[in-house]
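Beneath this line is the structure, given in structure tokens, with notes to follow.
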Amino acid sequence: MSTQQHEQDRVEPGAAEPVMAATGLVKRYGKVTALRGADFELLPGEIMAVVGDNGAGKSTLIKALSGAIVPDEGEIRLDGSPVRFHSPLDARKAGIETVYQTLAVAPAMDISSNLFLGREQRKPGVRGSVFRMLDRKAMRAAAQDQLDALGVATVQNIDQIVETLSGGQRQAVAVSRAAMFGTKLVIMDEPTAALGVKESGQVLDLIRRIRDRGLPVILISHNMPHVFEVADRIHVHRLGRRAALVQPGDYTMSEVVSLMTGALSLDSDGALVDPSGHRAEVDEQGHAVAVDG
Amino acid sequence: MSSTTTAPPAAAPSKEDRRGLADLWLRSPTLGPLIALAIAVVIFSLTSSTFMNIDNMSLVLQQTIVIATLALGQTLVILTAGIDLANAAIMVLGSLLFAKLAAQGQPPLLALVAGFAVCTVIGAVSGALVTRLKLPPFIVTLGLLTVVTALGRLYSDGNSWPVTSDLLGYLGKGSYLFGQFYVTPGMFVMLAMFGIVWYALSHTAWGKHVYAVGNDEEAARLTGIHVRQTLFSVYVVAGLIYAVAAWQALGRIPNADPNAFQTGNLDSITAVVIGGTSLFGGRGGVWGTLVGALIVAVLRSGLTQAGIDSLYQDVATGLLVIAAVAFDQWARRRAL
């Protein structure tokens, strides 16, 4: 059902109220301006990929959205109301979860403990309030439900020690944790960067399932095939601002890459143009060439 | 069903078996030390007619108490991937405070409270240096080892102070059970302490955070754990435990000596490591430490009864430490 919902979003991106919207974000580090009036938008039920060359200010944008830095100017709105995050913990309290490319798990602990790390549940009554006793049974059951719901089938046992899992399974644990506690949206910073082909595929499937269950996802990735595989829309970041907002079906990977590098840009009709303003396309070798239009 | 098992079936069994053993080791780190303890007890009861005597068993337990209590605090620190070289020095200073204050006419209870307070504060100082100045625990506690040892000698005027009150010697005053088995309050206090710390580590969020911080500090931070608070609390609790060890020490030997327990720090690390807690942090537990302390005591007792020189006992203990760490490393490599 959410797939259909999301098809509609695709046709009319302006129709739904954005879950998260940022306008005119500016961030300066001394003389360097990392964000120069950047806009960002995330609609309900979509996977928004953020791509950009190194140094484009992509990670500064993500840090601003996830609370790791406070922008100098601009506004971030969450479900329509302005928010100001002073730390990642603020963002988390607002329902934004972040998955990092470094597998942020405790390797010697089991899956259930990792899912609830920092958010442990205590037993009801005196055992919980006075003796601070953890409700391991409830946490285990909830962890199992979560993994089942997300279809993380390769993990057989919720008590399994995380270091005995493959890299993909470990990332699946981190992603499941974010999906479990994220109420508004999940930010994933290069979640497949450390993984092999097959494992990346499993994590991408997982990202899609999170989207299908109604939680929108911001996916930062260098990997164009991965972006084209799962993204509903692509935010192309360049020189500290949004250079283009495109749908994967409308452009090829090479065209998106040329938007990233600035070899081409989009005119007001959404057509690709070269820096001199002529209509252009990308040939099979990946070079931007002018076309007669 | 699982898409991860890609090994050919023919090669699988032996590899899986070894993986299983390593996995078992990682899951129940106390199992190995327990087996080692059992083997040591069996061998020594065969080689020596007096080893299994009730009075000898009782003596072994009595000798274990102080080091085991020190090692309990050490376990907490090592679980966070730290190390505490100052623990025995803190304990000695605590016992000197107990004994000298009481000998100078202060109420024994006040002496006890003062000693507990000082040990806990020194723990807090270690914790603050580690978390605020971000100094490596090795350096912090190496410095404190020297400082606290000197403070102990200054405070005691280089003399040892006898225990002059029943309260200070209370933990060592026991009675005989079954004829010759000497049972002291200190034994129960030690077991209770291990039980409390075990509970805190395995059944509370604080314990999960201690393991997580020792596992991967950065990952713990990213999951929202207050890493500095957790680390600081560990050093404070450890300081408190060293104060209990100081009280235990006066029960065992009714005399506070500034030059006692000079290798107590290393002995406690030995017990922790033999007990299966990883020096790299995040793995292990308190029961392993208790077993580790017992292994060392049993080994020394058994070798003494077999008439082996105490220097060879040191050799044996040292080799055991190396073997324990080597096995831990092997198991971790194998299981990954």
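The values are calculated or read from the model by the stated rules, or taken from the named source; none is laboratory data. Nothing here was measured: the structure is a model prediction, and the numbers come from that model. Cβ coordinates were reconstructed from backbone atoms using ideal geometry, including for glycine residues, and neighbour counts include every protein chain displayed.
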Residues within region B:202-251 that are farther than 15 Å from B:THR75 by Cα and hydroxyl-bearing (Ser, Thr, Tyr), tallied: 2
Test for A:ALA16: is it at pLDDT below 90 and farther than 26 Å from A:MET253 by Cβ: yes
Out of B:PHE116, B:PHE138, sole residue that is surrounded by fewer than 22 Cβ atoms within 10 Å (Cβ to Cβ), more than 14 Å from chain A (Cβ to nearest Cβ), closer than 19 Å to B:VAL66 by Cβ and at pLDDT 95 or above: B:PHE116
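Given the residues B:LEU133, B:LEU154, which is the only one that is free of Cβ contacts under 8 Å to residues at least 24 places away in the same chain and farther than 30 Å from B:VAL213 by Cα? Write out each step before concluding.
Values: B:LEU133 fails: farther than 30 Å from B:VAL213 by Cα.
Among B:LEU133, B:LEU154, only B:LEU154 is free of Cβ contacts under 8 Å to residues at least 24 places away in the same chain and farther than 30 Å from B:VAL213 by Cα.
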Unmet criterion (only one of (1) touching a strand residue (DSSP E or B) at 6+ places or on another chain (Cβ under 8 Å); (2) within 14 Å of chain A (Cβ to nearest Cβ); (3) over 24 Å from B:LYS134 (Cα atoms)) for B:LYS208: (3)
Condition check for A:ALA149: away from every other protein chain (no Cβ under 13 Å), exposed (fewer than 15 other Cβ atoms within 10 Å of the Cβ) and under 21 Å from A:MET188 (Cβ atoms): yes
Conditions (1) without any contact (Cβ under 8 Å) to a residue 40 or more places away in the chain; (2) among the β-branched types (Val, Ile, Thr); (3) farther than 23 Å from A:GLN285 by Cα: number failed by A:VAL186: (1)
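Could you pull out every one of the strands (runs of 3 or more DSSP E) wholly within region A:214-293 that has 2 or more residues that are crowded, with 17+ Cβ neighbours inside 10 Å?
On the way: elements: A:217-220, A:233-238, A:241-246, A:280-282, A:288-290.
In region A:214-293, the matching strands (runs of 3 or more DSSP E) lie at A:217-220, A:233-238, A:241-246, A:280-282.
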Residue ID - surrounded by the most Cβ atoms within 10 Å (Cβ to Cβ), chosen from residues in region A:56-75 that are in contact with a helix residue (DSSP H, G or I) (Cβ under 8 Å, 6 or more places away or on another chain) and hydrophobic (A, V, I, L, M, F, W, C): A:LEU65
Selected residue (criterion: farthest from the other protein chains (Cβ to nearest Cβ)) from residues of region A:190-213 that are more than 16 Å from A:TYR100 (Cα to Cα) and in contact with a strand residue (DSSP E or B) (Cβ under 7 Å, 6 or more places away or on another chain): A:ARG211
Selection from region A:159-179 of residues that are within 11 Å of chain B (Cβ to nearest Cβ), touching a strand residue (DSSP E or B) at 6+ places or on another chain (Cβ under 9 Å) and of a type in the set (A, V, I, L, M): A:ILE161, A:VAL162, A:ALA174, A:ALA178
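Scanning for something out of contact with any Ser or Thr (no Cβ under 7 Å at 6 or more places or on another chain), within 14 Å of chain A (Cβ to nearest Cβ) and touching a residue at least 40 places away in the same chain (Cβ under 8 Å), does region B:262-277 turn up at least one residue? Explain how you work it out, then say what you get.
Initially, region B:262-277 is screened for residues out of contact with any Ser or Thr (no Cβ under 7 Å at 6 or more places or on another chain), giving B:262-269, B:273-274.
The next check asks that each one be within 14 Å of chain A (Cβ to nearest Cβ); those that pass are none.
Checked region B:262-277: no residue is out of contact with any Ser or Thr (no Cβ under 7 Å at 6 or more places or on another chain), within 14 Å of chain A (Cβ to nearest Cβ) and touching a residue at least 40 places away in the same chain (Cβ under 8 Å).
Quick grid of which residues meet (1) surrounded by fewer than 17 Cβ atoms within 10 Å (Cβ to Cβ); (2) within 21 Å of the chain's Cα centre (by Cα); (3) closer than 23 Å to B:ILE83 by Cβ:
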{"residue": "B:THR263", "(1), (2), (3)": "yes, yes, yes"}
{"residue": "B:GLY276", "(1), (2), (3)": "no, yes, yes"}
{"residue": "B:LEU290", "(1), (2), (3)": "no, yes, yes"}
{"residue": "B:GLY307", "(1), (2), (3)": "yes, no, no"}
{"residue": "B:LEU319", "(1), (2), (3)": "yes, yes, yes"}
{"residue": "B:ALA324", "(1), (2), (3)": "no, yes, yes"}
First in region B:211-232 and more than 7 Å from chain A (Cβ to nearest Cβ), second anywhere and in a helix (DSSP H, G or I) and acidic (Asp, Glu), Cβ under 6 Å, 6 or more apart: B:VAL227/B:GLU217
Selected residue (only one of B:TRP206, B:TRP161, B:TRP247 is closer than 30 Å to A:ASN114 by Cβ and among the hydrophobic types (A, V, I, L, M, F, W, C)): B:TRP206
Number of the condition not met by B:SER49 [criteria: (1) modelled with pLDDT of 95 or more; (2) out of contact with any strand residue (DSSP E or B) (no Cβ under 7 Å at 6 or more places or on another chain)]: (1)
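Please go through region A:132-143 and pick out each residue that is of a type in the set (A, V, I, L, M, F, W, C) and either facing chain B (nearest Cβ under 8 Å) or in contact with a Gly (Cβ under 7 Å, 6 or more places away or on another chain) (or both).
Pass one, region A:132-143, residues of a type in the set (A, V, I, L, M, F, W, C): A:133-134, A:138-139, A:141-143.
Once the filter is applied, which keeps residues that are of a type in the set (A, V, I, L, M, F, W, C) and either facing chain B (nearest Cβ under 8 Å) or in contact with a Gly (Cβ under 7 Å, 6 or more places away or on another chain) (or both), region A:132-143 yields A:MET133, A:LEU134.
Quick one: how many residues across region B:265-282 are assigned to a helix (DSSP H, G or I) and under 29 Å from B:VAL227 (Cβ atoms)? Outline the logic, then answer.
Filtering region B:265-282 for residues assigned to a helix (DSSP H, G or I) gives B:265-274.
Right, trim to under 29 Å from B:VAL227 (Cβ atoms) and you get B:265-266, B:268-274.
Selection size over region B:265-282: 9.
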